[in-house]
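Before any comments, here is the structure.
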Amino acid sequence: MKRVIIGLSGGVDSSVAAYLLQQQGYEVIGLFMKNWHDDSVTISNECPWLDDSNDAMLVAEKLGIPFQTVDLSEQYKERIVDYMFNEYEKGRTPNPDVLCNREIKFDVFMKIALDLGADYVATGHYCRKGTLHKNGENVYQLLAGVDVNKDQSYFLCQLSQEQLSKSLFPIGELTKPEVRKIANQIGLVTADKKDSQGLCFIGKVKLPEFLQQQLKPKEGIIVEVPKTHEIYNEDIPNFDTVEEKLQYQSKKIAYKTSYGKTVGKHQGAHYFTKGQRKGLAVGGTTEPLFVIDTDVNENVIYTGQGKIHPGLLKKALFVSNDELHWIREDLAINNGETMNVEARIRYRQPLQKATLYKVETGIYVAFENYQSAITEGQFVAWYNNEELLGSGVIS
């Protein structure tokens, strides 16, 4: 029997995944990851990890599989929380869930599992793994989950061939209602449990309070830039090369306070992110205000009215070489080459037609249509049909 260690999170997805592995004849061991101790920043009164770990234990008991808890809070703080603070401080918006999978679940956790003699590590992610044979070797594919509403392949966009080779995703072929139905049929305590929300492992967090642990509040101004400002109506120059054009399309506008009027105050530009609407506390505008940019050095938030404010829209983005990642290394393009793909810049965004352009310093992703709130620090992932080929951090 092959041994599989599953990350039992105390949710319905990983519970059913464990049951399915058992049905498939694997020797299954459940491991709960405890990654967080500080409950002072969670929104709900209950202590999320304690409830989750109890539920995970009850599921393991019900299935008759061994169960233990591993404390990874030190690595989590170092690799995820510190990284997040660092990114917010720079005025970028990190994606902790993508990092958590790359750094914790499929790295630290996977190493522990392999040391315990596991052949595979399994999780309750809605995605699938494919295997191709190419030049006498196995090539692993990361495929979208069958449930379009729940597909979580985006969160795994930084996995490597090595990590994929040791991974199993038992519920990738199922829809969420099917998963709940199985859980109900076999009487799992997690069958009707709500999906977890908030930061991977920490639970629902008040982000400003969480960030305030390290990033101190600092009063600054909110500036509203009108849609009609001349910066949005510049004449488009003539370009000698495709790269020049892409550079132009992906460049960040350098806003100045003189471009608009001061409409309010805030407690720290690093608490806000592009495209954000809530938390500005500015009323009296015809359309809602959205954050179009933040300047953490000057501590200014730039805003604009309405979802289609030109300050939110862009057609291209750039990923530098050191933040570029191919799951399918065999398909990576070289300098001067292009590839037609479908891409998304955030979880659950419908896939958008795009073209990749590889240049010396990195890769441009040029979209067919304008994208709203392309945000530095977030991940862009590109696909060919159902297969996620690669990803990178938006710079």
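For a Förster distance of 30 Å, can you work out the FRET efficiency between the beta-carbons of T69 and K353, rounded to the nearest 0.05?
Working from the Cβ atoms, E equals 0.10.
Going 7 Å from the Cα of Q247 along its beta-carbon direction, which residues of segment 351-395 have the amide nitrogen within less than 12 Å of the resulting point?
Taking a point 7 Å out along Cα→Cβ of Q247, the residues of segment 351-395 whose backbone N falls under 12 Å are 360-361.
Between segment 345-359 and segment 206-265, what's the alpha-carbon centroid distance in Å?
Using only Cα atoms to place each centre, the spacing works out to 22 Å.
Along the charge dipole of segment 147-292, Cβ charges K/R +1 and D/E -1, which of N238, P217, V263 sits furthest on the positive end?
P217
Quick check: residue separation of T262 and R3 times 0.36 nm, minus the Cα distance between them. What number comes out in nm?
Net length gain for the segment: 87.1 nm.
Consider a paramagnetic label point 7 Å from the Cα of T285 along Cα→Cβ; state which residues of segment 370-387 have an amide N under 20 Å from it.
Output list for this probe position: 371-376.
For the chain, what is the mean residue ellipticity at 222 nm derived from helices alone (per DSSP H run of n ≥ 4: -39500 (n - 2.57); sum divided by total residues; nearest 500 deg cm²/dmol)?
Mean residue ellipticity, 222 nm, calculated: -5500 deg cm²/dmol.
Full-extension gain between V148 and K34, please, as 0.36 nm times their residue separation minus the C-alpha to C-alpha distance.
Full extension of this stretch gives 38.1 nm more.
Using +1 on the beta carbon of Lys and Arg, -1 on that of Asp and Glu, and nothing else charged, what's the dipole of segment 3-212 about the Cα centre, debye to 20?
Dipole size: approximately 520 debye.
So for the chain, Kirkwood radius off the Cα pairs, Stokes-Einstein at 20 °C and 1.002 mPa s: how many µm² s⁻¹?
Stokes-Einstein gives a translational diffusion coefficient of 94 µm²/s.
What net charge is computed for the residues neighbouring K261, neighbours being all others with C-beta under 14 Å from the C-beta of K261, Lys and Arg scored +1, Asp and Glu -1?
Charge balance in the 14 Å sphere: +2.
Using a basic spin-label model with each label point 7 Å from the Cα along Cα→Cβ, how many nm lie between K218 and N385?
Placing both labels 7 Å along Cα→Cβ, they lie 5.1 nm apart.
Counting only the backbone N, which residues of segment 311-342 are under 16 Å from the spot 7 Å out from the Cα of N233 toward its beta-carbon?
Counting only backbone N, you get 311.
Evaluate segment 95-143: find the radius of gyration of its Cα atoms, find its Kirkwood radius, and give the ratio Rg to Rh. Could you put the intermediate results ahead of the total?
On the way: Rg = 13.0 Å, Rh = 12.5 Å.
With Rh from the inverse mean 1/r over Cα pairs, Rg/Rh is 1.03.
For a 24 Å ceiling on Cα separation, which of these pairs sit above it: K181/K353; K314/K353; K227/K261; K256/K353?
K181/K353; K256/K353, as the Cα separations exceed 24 Å there.
Quick one: order H229, H309, H270 by neighbouring beta-carbon count within 10 Å, fewest to most.
H229, H309, H270
Name the shape class, rounded, prolate or oblate, that the alpha-carbon gyration tensor gives for segment 3-212, where a ≥ b ≥ c are the square roots of its eigenvalues, rounded holds for a/c under 1.5, and otherwise prolate holds if a/b is larger than b/c and oblate otherwise. Before the final figure, lay out the partial values.
Working: a/c = 1.58, a/b = 1.19, b/c = 1.34.
Oblate, since a/c reaches 1.5 and b/c is not below a/b.
Sort 125-138, 49-62 by the packing proxy (mean of other Cβ within 10 Å over each peptide's residues), most packed first.
49-62, 125-138
Roughly how many nanometres apart are two label points built 7 Å out from the Cα toward the Cβ at T131 and N334?
3.1 nm
Bear in mind that the values in this text are calculations on the coordinates, not laboratory data. As the structure is a computational prediction, the values presented were derived from the model and not from experiment. A quick note on method: Cβ atoms are made from the backbone with ideal geometry, for glycine too, and the neighbour counts reach across all protein chains shown.
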